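Read through the structure below, which is laid out as structure tokens, and then see the notes.
The values are calculated or read from the model by the stated rules, or taken from the named source; none is laboratory data. Please read these numbers as outputs of a predicted model, since none were measured by experiment. Cβ sites come from the backbone with ideal geometry, for glycine too, and all protein chains shown count toward neighbours. Accessible surface is based on the protein model in full, side chains and every heavy atom, while ligands, DNA and RNA are left aside. Shrake-Rupley method; radii C 1.70, N 1.55, O 1.52, S 1.80 Å.
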Amino acid sequence: MTTWQLLGKPTPQVGAVDKVTGRARYTDDLRVHDPLHVKILRAPHASAKIKSVDVSAAKALPGVRAILTGADFKRTFGVLPISRDEPALARDRVRYVGEPVAAVAADSARLAEAALAAIRVDYEVTPAVLTFEEARRETKTPLHPELEKSNNLHKQVQQSFGDLSRGFADAAVTVEGEFRFLPVTHAFTEPHAVQVEHDGELLVVTSATQVPHYVHLALSEVLELPPHRLRVVKPHLGGGFGGKSDPFPHEMIAAKFALVTGRNIRLVYEREEVFLSNHGRHPTELKMKLGLHPERGVTALDTKVMIDGGAYGSFGVVTTYYNGVLLQGPYPVPNSAFQCERFYTNKPMCGAMRGHGGVNPRFASETLMDMACVQAGLDPLEARLKFLHTGDTITPNGFRITSAGLREGLAEAAQRTKWKEKWGKLPPGKGIGVACGFFISGSALPIHRNELPQSTVRLTIDFDGGITVYSGASDIGQGSDTMLALVVAEVLGAPLSLVKVVSADTRLTPIDLGSYSSRVTFMAGNAARNAAISMRKELVAAAARLSGRAPPEYPKPGEPESPFRLGQRPPDFDSHFLGPNPDYRDGWTFANLTVTPDGGAALDYFQVVTAALAGRGILQTQGVYQSPKLEGGKHKGAGAGLSPSYSFTAVISEVDVDVETGFVRVEKIACAHDCGRQLNPLAVEGQLEGSIHMGLGQALMEGMAYEAGAVQNASFLEYKIPSAFEQPVIDLVRCPSVDNEGPFGAKEVGEGALAPVVPSIANAIYDAVGVRLMRVPMTPEVVLAALAARRGR
């Protein structure tokens, strides 16, 4: 068993000191020279034709340098190539309250605000589409006539596997329910912001984004500029959670102003504008039916979902698939069918949010799983233990489960929480509940179909021995820069202080597809390890020359270097490297700034670097990650949800329910999350606690309120999120798991733990007061209504 030098030990983030001392610079902290300040005029109507936009009075104001309207942009954009339906500024019609209609660049923010007030827009208000019923109805004026549909259906997905009728016939218990979910938003701390520097032929766009690469592509398309004239940089980011993974109108607007005026540009959203922009979790109505056999587990699952996408596409096509395909875990489901419909409505658009597409269906499936276990006379936790996926299996829809270590973690969590002593045995008002989850470690298929690797890392060593990691991956607070540094330092035996990470700069760093879908550790981590192993070869060759030894023999080109196939495990995994480079069993030890051959004297690391640099001046290597060629199935949409690996989660919640007020207090949560080997336990702890916090918010209090399409709670005073006072005691349980294809055995930890938090609380409420809740959030009003209905029955 390998003894790790750095990996597996709690390590603070590399930028932690800067953050806690205030030295970290976020987009709004940057000061470009003499910028123009931009403000955006937003639509007051959910649906209206734009008859005219009169900017003459605004243009005449002193200090106003430029005004843009929809007529200044020819092309629309979107994060998905199949849904490029959003304009930077509305043309001809507005589709939601708050949609950008015009923008002003002025010498100060105050002058820009004054100019907005002088713009006159003549609207013809038209009927708004606000409900599923209205969206489904045939119309001659759909929100997006370019789709050539007779209603406002954006995307419909239907998939089925096995024999659903036979599955329900085989079930000993069948349960079903209808579920409703309010929309929730990301509530990140840092608002959207962008600054643009006009540097001759180059536009430098610094933005609070999760995916600089996608912003770069969208800017090139919308501005009709060749990509080499753009540079997109992400500085420190104050949270994203999926809400900054699209390209946004404000980025297009700011860059366009820079082109028009030749000046630097500054644009920062107010908090209300962040809420109006939204891109949060879709409001959902869902019907589900589940069949369970006490020995065989889930025999059938039938799901029908409607999701409200708002005015534009965003990630919506992907969301539509994820509402169904992620139900293929954490238990085998041999017979299943799902239908999901996404509709356009006259509301701010919805998109990707932590646990993308999987949170609401998971609430339904885990609630029904609990109901079925109770009806079948099974202990809900013991049944889940029995029915969980095992590793080295393939699901009916073609997902490849390489590792599954949750069973041991859930068993440990049950012991720690004293489940058997509590479930069904606590005093009235107190309850305990369990739920499980399943999520991807990045998508195996990229959004843009091409032959580029999904992640590339460039590594350099200079004359001073300093190691620099260049990666396009975005550290959005989750600690990916620290992960990259740790992986490289581990391979090269260097202290973390010797490694610098340069990330998320499209001019300086190679392409990475960004921070979403829990992909960065698995994909960028593997790429970094590959680059470090190649660098290790360079140093070993130099050390061999210095010591008069023969260089090690590596596998010849074309020899198999990754023997893992489903159902097999490579021997001595801890020292085996899976990927485009061979393992580094080279007979040398890298540790404590020394390079030592087996049975020989240690060489100084800096001496070896000097020898390797001779005649070259710099050492440079690269590493890439490309997902295995996964076939999935032959059905339409088989690529949706395909991932090189999947995480598994179990959450046990303990609650106290006040039957007089309906108030629910979550007192304790135990979470077992199978993320493979924990490269940095401190980062894992932070990610899990964050997922639990967000799940708690959606479970009990968070929800966007709309009236006539307008957001009614567009501030942190009115949109309630949990504070430190609501945070329960958290007990994190390790799962003994190693994934053969993850970097050093790791897989995702950023999103998967959120989904089971919500149903575990619902199941605990049932244990406490005997009511099943199918409305989220489970506010005191929802709880009291359910209690009253039970008394009425």
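What's the carbon and sulfur percent of segment 322-398's accessible surface, probe 1.4 angstrom, rounded to a whole number?
So the carbon and sulfur contribution to the accessible surface is 55 percent.
If packing is taken as the average number of other Cβ atoms within 10 Å across a peptide's residues, how do 727-737, 524-534 rank, most packed first?
Packing proxy ranking, top to bottom: 524-534, 727-737.
What FRET efficiency comes out for ARG75 versus GLU178 if R0 is 51 angstrom and r is the Cβ-Cβ distance? Round to the nearest 0.05.
0.75
Can you list residues whose amide H is under 5 Å from ARG519's amide H, if they're 5+ apart or on another chain and H is modeled 1.01 Å from N?
Those lying under 5 Å, H to H, from ARG519 are GLY442.
Quick one: check the C-alpha center-to-center distance for segment 386-429 versus segment 193-233, whole angstrom.
46
Roughly to the nearest percent, how much of the accessible area of segment 1-78 is carbon and sulfur, given a 1.4 Å probe?
Roughly 53 percent of what the probe reaches on segment 1-78 is carbon or sulfur.
With θ set to phi - 60° and the Karplus curve 6.51 cos²θ - 1.76 cosθ + 1.60, what are the ³J(HN,Hα) couplings of segment 607-613 in order, to the nearest whole Hz, using x for Gly and Pro?
5, 5, 4, 4, 5, 5, 7
Let me check I've understood the local charge: for ARG137, count other residues with C-beta under 15 angstrom from its C-beta, Lys and Arg +1, Asp and Glu -1. What total comes out?
Its environment carries a net charge of -2.
With a 1.4 Å probe and every protein chain left in place, work out the accessible area per residue of the chain in Å², rounded to a whole number.
So the chain comes to 38 Å² accessible per residue, rounded to a whole number.
Using only DSSP helix segments of four residues or longer, with each worth -39500 (n - 2.57), what per-residue ellipticity at 222 nm results for the chain after dividing by its residue count and rounding to 500?
-8000 deg cm²/dmol, from helical runs alone.
Taking H as built 1.01 Å from N, whose amide H comes closer than 5 Å to the amide H of LEU36, not counting residues under 5 places away?
Here the answer is ASN264, ILE265, ARG266, since their amide H atoms fall under 5 Å of that of LEU36.
For labels at SER108 and GLN712 in the simple 7 Å Cα→Cβ model, what's the distance in nm?
Calculated label separation equals 3.8 nm.
For ALA789 and ALA591, calculate 0.36 nm times their separation in residues minus their Cα-Cα distance, and state this gained length in nm to one decimal.
64.6 nm
Using θ = phi - 60° and the Karplus curve 6.51 cos²θ - 1.76 cosθ + 1.60, what whole-Hz ³J(HN,Hα) does each residue of segment 344-351 get, with Gly and Pro shown as x?
Per-residue couplings from phi come out as 7, 9, 8, 9, x, 5, 9, x Hz.
For the ranges 663-673, 437-447, 423-433, what's the packing order if you count other beta-carbon atoms within 10 Å of each residue, average per peptide, and put the highest first?
437-447, 663-673, 423-433
Please give the length that would be gained between ARG166 and GLU667 if that part of the chain were fully extended, namely 0.36 nm times their separation in residues minus their C-alpha to C-alpha distance (nm, one decimal).
Net length gain for the segment: 176.2 nm.
Within 10 Å, count the other beta carbons around each residue, average over each peptide in 156-163, 393-400, 380-387, and list them highest first.
Result, highest mean first: 380-387, 393-400, 156-163.
Taking θ = phi - 60°, what integer Hz values does the Karplus form 6.51 cos²θ - 1.76 cosθ + 1.60 yield along segment 208-214, in sequence order, with x for Gly and Pro?
Computed from phi, the couplings for segment 208-214 are 7, 10, 8, 9, x, 4, 5 Hz.
Calculate, in nm to one decimal, what GLU689 and ARG549 gain on full extension: separation in residues at 0.36 nm each, minus their alpha carbon distance.
Value of the extension gain: 45.4 nm.
Which cross-chain or sequence-distant (5 or more) residues have an amide H under 5 Å from the amide H of VAL501, H modelled 1.01 Å from N in plane?
Sorted by chain and number, the residues that satisfy this are VAL469.
Quick one: grab the alpha carbon gyration tensor of the chain, order the square roots of its eigenvalues as a ≥ b ≥ c, and give me rounded if a/c is under 1.5, else prolate or oblate depending on whether a/b is larger than b/c.
Oblate is the answer for the chain, as a/c is 1.5 or above yet b/c matches or exceeds a/b.
Compute the FRET efficiency between LYS420 and ILE82 as 1/(1 + (r/R0)^6), taking r as their Cβ-Cβ distance and R0 = 60 Å, and round to the nearest 0.05.
Rounded to the nearest 0.05, the efficiency is 0.75.
With a/c under 1.5 counting as rounded, go ahead and sort segment 369-492 into rounded, prolate or oblate using the C-alpha gyration tensor (a ≥ b ≥ c being the square roots of the eigenvalues; past the cut-off, prolate if a/b is larger than b/c, else oblate).
Since a/c reaches 1.5 and a/b is larger than b/c, the shape of segment 369-492 is classed as prolate.
Heavy atoms only, probe 1.4 Å: what % of the accessible area of segment 652-741 goes to carbon and sulfur, would you let me know?
Carbon and sulfur together cover 55 percent of it.
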